[in-house]
1. Considering only protein heavy atoms and a probe of 1.4 Å, how much of the accessible area of the chain is carbon and sulfur, as a whole percent?
2. Taking H as built 1.01 Å from N, whose amide H comes closer than 5 Å to the amide H of Met14, not counting residues under 5 places away?
3. Tell me the mean residue ellipticity at 222 nm calculated for the chain from its helices only (DSSP H runs of n ≥ 4, each -39500 (n - 2.57), averaged over every residue, nearest 500).
4. Which net charge results for the neighbourhood of Lys46, defined as the other residues with beta-carbon distances under 12 angstrom from its beta-carbon, given Lys and Arg at +1 and Asp and Glu at -1?
5. Please report the net charge: other residues with Cβ closer than 14 Å to the Cβ of Lys12, K and R +1, D and E -1.
6. For the chain, compute Rh as the Kirkwood radius over C-alpha pairs and then the Stokes-Einstein diffusion coefficient at 20 °C and 1.002 mPa s; write the answer in µm²/s, rounded to an integer.
7. Over the chain, give the accessible area per residue in Å² for a 1.4 Å probe, as an integer.
8. Relative contact order of the chain: what whole-number percent is it, with Cα pairs under 8 angstrom and at least 6 residues apart?
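The values are calculated or read from the model by the stated rules, or taken from the named source; none is laboratory data. From a predicted model like this one, the values you see are computed outputs, not experimental measurements. Using ideal geometry, Cβ is built from the backbone for each residue, glycine included, and neighbour counts are taken over all protein chains shown. The area values use the complete protein model at the heavy-atom level, side chains included, leaving out ligands, DNA and RNA. Shrake-Rupley method; radii C 1.70, N 1.55, O 1.52, S 1.80 Å.
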Amino acid sequence: MPASLTFRGDDKDMTLDELADFIEAARRAGVPKTNPVRAELSTSGKIKEVEVALSEDDD
């Protein structure tokens, strides 16, 4: 897998502001808009971590 951009919530779960920061960072890094975003969820279904490949994602 190519290099990736990964963000984690400061607490256990990610906030909307943290998710917005992730999206902004991905856009600044030139991540292709068609790349899927991968997420790790808590047992309650909340986002703990998000990741996206920096270049074309072939997975």
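1. Working: 2090 of 4240 Å².
C and S atoms contribute 49 percent here.
2. So Met14 has HN proximity to Gly9, Ile47, Lys48.
3. Numbers: 1 runs with 13 residues, N = 59.
Using -39500 (n - 2.57) per qualifying helix, the result is -7000 deg cm²/dmol.
4. Details: positive: Lys12, Lys48; negative: Asp11, Asp13, Glu18, Glu40, Glu49.
Within the 12 Å Cβ shell, the charges total -3.
5. Values: positive: Arg8, Lys46, Lys48; negative: Asp10, Asp11, Asp13, Glu18, Glu40, Glu49.
Result for the neighbourhood of Lys12: -3.
6. Numbers: Rh = 11.8 Å.
In µm²/s, the coefficient rounds to 182.
7. Values: 4240 Å² over 59 residues.
That works out to 72 Å² per residue.
8. Numbers: 89 pairs, mean separation 30.0, N = 59.
It comes to 51 percent, rounded to a whole number.
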